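Single-structure report; data block below.
The values are calculated or read from the model by the stated rules, or taken from the named source; none is laboratory data. These numbers come from a predicted model, not from an experiment. Cβ placement follows ideal geometry from the backbone for every residue including glycine, while neighbour counts extend to all protein chains displayed. With ligands, DNA and RNA removed, areas are computed over all heavy atoms of the protein, side chains included. Shrake-Rupley method; radii C 1.70, N 1.55, O 1.52, S 1.80 Å.
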Amino acid sequence: MRIFENANFRFVESRKIGYIISGVLLLLSMGSLLFNGLELGIDFRGGMEFVVEMDEPHSATEMRSVLGAALGQEPEVKTFGTDGRALLIRAATTEEMRTVQEQIISAIQAEYAASNPRMIKTDVVGPRFAQDLQRGAIYSILGSLLVIFVYILIRFEWRFSVGAVAALFHDVVIVLGMFSLLRFVMPFSLQIDQTIIAAFLTIVGYSLNDTVVVFDRIREYTGLFKSEKYENVVNRSINNTLSRTIVTSGTTLLVVVILFIFGGEVLRGFTFALIMGIMIGTYSSVFVASPVVLALRQRS
């Protein structure tokens, strides 16, 4: 399926506008990360984990509002098991575990008298373990960028490696910045936990796939149109892959938006990260990765 036949948009000539947009977004993101910070889940700051079983099923969303009032903070609540009668509750608190257990049981009993809640499992995520997870998450993202740099270097050349990694860094920083900027605005949790780290790694993979398709076409056209200026070759390559880029991104985005709307409260943060990542990744494959390759080529 092709949306554009013989597209001839002047992407390369407009790259300075792209630099300005990316520069503003990066400055806003880094400023917010520096001064506003991120809302870290108990995976990364420590806390307590409980599994409560009841006689009747209740949704995680309704239980979150009940427990939020009792604990004085919005806990992380997920369905545990397959019958919906058990819930996994995570709270970042420094109170005694017995006190928190009693608050959870009392709050559920007061709201749902027939539910007969009982605690079947408790656990504590210590600060040291949380720090180890935080370090592991940073290493996993940096490690993936390093592997991608080497992969592109072997498959193409170093200028393409720099362009791909610059685009991926651009995508991850801006999506993280969105989580920081909007965490007091959005009506759902933008807490950073292991699920969100999985979303970031997915964004890295998705954005790279789009970028490699454009790079492949640049390499092919460089051999076919040897007498043309390199910037015309880059522009021709982006235009030639434009239909594929829009169709792939559009259909993926459609699925993720449906998941965002109907997937429930638990998946909102994860799908929000994917929506931002798909849009910014598509933009960066056109306005960041390829222009960086062109700029490096013109310098050498």
Can you tell me which residue in the range 34-56 is nearest to ILE238 (Cα to Cα), limited to those that are open to solvent by 50 Å² or more (accessible area, probe 1.4 Å) and part of a helix (DSSP H, G or I)? LEU34
Might you let me know whether the range 274-283 holds any residue that is out of contact with any strand residue (DSSP E or B) (no Cβ under 8 Å at 6 or more places or on another chain), surrounded by fewer than 18 Cβ atoms within 10 Å (Cβ to Cβ) and over 14 Å from THR202 (Cα atoms)? no
Please list, ordered by first then second residue, the pairs with beta carbon atoms under 7 Å, 6 or more apart or interchain, first in the range 216-243 and under 18 Å from GLU13 (Cα atoms), second open to solvent by less than 40 Å² (accessible area, probe 1.4 Å) and in a loop (DSSP other than H, G, I, E, B). GLU231/VAL12; VAL234/VAL12; ASN235/PHE11; ASN235/VAL12; ILE238/PHE11; ASN239/ALA7; LEU242/ALA7
Check on ARG98, of a type outside the set (S, T, N, Q) and in a helix (DSSP H, G or I): yes
Failed condition for ASP210, given (1) open to solvent by less than 30 Å² (accessible area, probe 1.4 Å); (2) part of a helix (DSSP H, G or I); (3) closer than 25 Å to LEU34 by Cβ; (4) at pLDDT below 90: (3)
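Conditions tested, residue by residue: (1) surrounded by fewer than 22 Cβ atoms within 10 Å (Cβ to Cβ); (2) aliphatic (A, V, I, L, M); (3) in a helix (DSSP H, G or I).
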site: VAL162; (1), (2), (3): yes, yes, yes
site: VAL165; (1), (2), (3): yes, yes, yes
site: VAL175; (1), (2), (3): no, yes, yes
site: PHE179; (1), (2), (3): no, no, yes
site: PHE184; (1), (2), (3): yes, no, no
site: SER189; (1), (2), (3): yes, no, no
site: LEU201; (1), (2), (3): yes, yes, yes
Yes or no: THR195 in contact with a Gly (Cβ under 8 Å, 6 or more places away or on another chain), closer than 21 Å to ALA295 by Cβ and crowded, with 16+ Cβ neighbours inside 10 Å? no
Taking only pairs six or more apart or across chains, which ones have beta-carbon atoms under 9 Å, a first residue in the range 287-300 that is touching a residue at least 40 places away in the same chain (Cβ under 8 Å), and a second residue that is among the aliphatic types (A, V, I, L, M) and not in a helix (DSSP H, G or I)? SER290/VAL12; PRO291/VAL12; LEU294/VAL12
Failed item, numbered, when LEU253 is tested on (1) open to solvent by 20 Å² or more (accessible area, probe 1.4 Å); (2) modelled with pLDDT under 90: (2)
